[in-house]
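Reviewing the structure listed below.
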Amino acid sequence: MNSQVLIAGAGIGGLTAALTLHAAGIDVTVVDSVREIRPLGVGINIQPPAVGVLTELGLGDALAALGIQTAEHRYADLRGELVFTDSRGLARGYRWPQYSVHRGELQMLLLDTVRDRLGAGAVRTGVRVERSVQSEEEVRVRVTDRATGGASVLSAGLLVGADGLHSTVRAALHPEQGPMLWSGVSMWRGVLETERFVTGRSAVIASDDPRPDGSQGPQFLAYPISRPLDDRGRSLLNWVALVTVAEPGPLDPAAADWNAPARAEDVLPHFEGWRIGGRDVRDLVTGSEVILRYPMVDRDPLPHWGEGRVTLLGDAAHPMYPVGANGATQAIIDAGVLADRLAAADDPRTALASYEAERRAATARIVEASRRMHASPHSGESAIDAITSAFRTATGG
């Protein structure tokens, strides 16, 4: 029987899965359609349960050097007046901290670790998965080399689709899958180097009142994602602006702008006079060299993820709104559970079924909790306390 695991996707989830499977004594190869993996993206948060997975992989010190241990979320109004404080990570009594990091830097840490532990050839880039065919003993995966256009077939014991929101593995398993669902919110993101923000370990979420139609008013959040870069205490600050610009509904993938370059002028009209963490929002936006725009989307949870020797992981399995900062976290947890189930089972198909049974139910709850959190008003101490408590119960972090 073929014992090799082929992972499609070298993002945070796929690379973490390569490390957890390798630690369990399982042979792994990772392929990704991009020709070069570069440290793209902006800030993300890694919640305590996922930090535990990375720590068990021996990456605790590297993660601590990479990011910030977030101690609190401060909720404020558009003038910057504090409304509510929610302690996070170690400050809330968890075994592990919560980290705020640059997504690309974390991905590169994982990539370097995979190549160091598994060998330089463990990650193959410029290789796009097209389709797969299963037999009793293995799964045969047809791939295309993007440089040459040549097609070939890779054989493996299992295929794990960790290839993101636009997953080809998911599309092959679920050709009748529902559309991406747009919340109607556009998100702008940016990063800039600046003086210490609040305590240096605080995330601040500023919100306007709900609109007359009941939809969420504009929100602006900011948090540091690096240790001090110089003796003046300057560090990288990540910000996100969220504005409802349309009615919720299905999103045409062809019409969506992903990572689309944007201008400060696109953002600022929605946040005139806003302050956050003692700073003018205008200064944060205009101080960012690159601003990117994304639609805030998810999908309805699937009735099942995989079939036989094929399964899904991360955004390919359970795309969710980023309002609860759980996308990367849940992908990392997926990777830990997948390795545990494969290490404990004699039949890998049984292991995948067990993995899916545990993680599909858990992540479906988080998808729904993220929708509720987005739809709930973020004004008033009691309302915010109720929202954050309910979300923490649903996510375990």
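Computed values, structure above
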| read-out | value |
| --- | --- |
| Filter result for the condition that a residue is at pLDDT 95 or above, within 25 Å of residue 349 (Cα to Cα) and part of a strand (DSSP E or B), over 101, 143 | 143 |
| Members of region 361-397 found to be part of a helix (DSSP H, G or I) and in contact with a strand residue (DSSP E or B) (Cβ under 8 Å, 6 or more places away or on another chain), listed by number | 367, 370, 371, 374, 381, 384, 385, 388 |
| Single condition residue 163 does not satisfy, out of (1) touching a Pro at 6+ places or on another chain (Cβ under 8 Å); (2) acidic (Asp, Glu); (3) crowded, with 21+ Cβ neighbours inside 10 Å | (1) |
| Test result for residue 39, surrounded by 15 or more Cβ atoms within 10 Å (Cβ to Cβ) and either on the phi < 0 side of the Ramachandran plot or in contact with a Cys (Cβ under 9 Å, 6 or more places away or on another chain) (or both) | no |
| Spans of strands (runs of 3 or more DSSP E) in region 207-304 with at least 1 residues surrounded by 14 or more Cβ atoms within 10 Å (Cβ to Cβ) and acidic (Asp, Glu) | 291-298 |
| Any pair with Cβ under 6 angstrom, 6 or more apart, that starts in region 193-205 at a residue that is farther than 15 Å from residue 239 by Cβ and ends at one that is part of a loop (DSSP other than H, G, I, E, B) and modelled with pLDDT of 95 or more | 201/71 |
| Among (1) within 16 Å of the chain's Cα centre (by Cα); (2) more than 20 Å from residue 224 (Cα to Cα); (3) buried (at least 21 other Cβ atoms within 10 Å of the Cβ) - the single one residue 98 does not satisfy | (2) |
| Extreme residue, farthest from residue 212 (Cα to Cα), among residues of region 374-387 that are buried (at least 19 other Cβ atoms within 10 Å of the Cβ) and within 21 Å of the chain's Cα centre (by Cα) | 387 |
| Filter result for residue 32 (out of contact with any Leu (no Cβ under 8 Å at 6 or more places or on another chain), closer than 30 Å to residue 219 by Cβ, acidic (Asp, Glu) and in contact (Cβ under 8 Å) with a residue 12 or more places away in the chain) | no |
| Meets criteria (part of a strand (DSSP E or B), in contact with a strand residue (DSSP E or B) (Cβ under 9 Å, 6 or more places away or on another chain) and at pLDDT below 95) for residue 83 | yes |
| The lone exception for residue 113 - which of (1) part of a helix (DSSP H, G or I); (2) of a type outside the set (A, V, I, L, M, F, W, C); (3) more than 22 Å from the chain's Cα centre (by Cα) it fails | (3) |
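So that you can scan it fast, the table gives a plain yes or no per residue for (1) in a helix (DSSP H, G or I); (2) in contact (Cβ under 8 Å) with a residue 12 or more places away in the chain; (3) surrounded by 19 or more Cβ atoms within 10 Å (Cβ to Cβ):
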| site | (1), (2), (3) |
| --- | --- |
| 311 | no, yes, yes |
| 318 | no, yes, yes |
| 336 | yes, yes, yes |
| 354 | yes, yes, no |
| 359 | yes, yes, yes |
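The values are calculated or read from the model by the stated rules, or taken from the named source; none is laboratory data. On a predicted model such as this, the values are computed, not experimentally measured, just so you know. Positions of Cβ are generated from backbone atoms using ideal geometry, with glycine treated the same way; all protein chains shown enter the neighbour counts.
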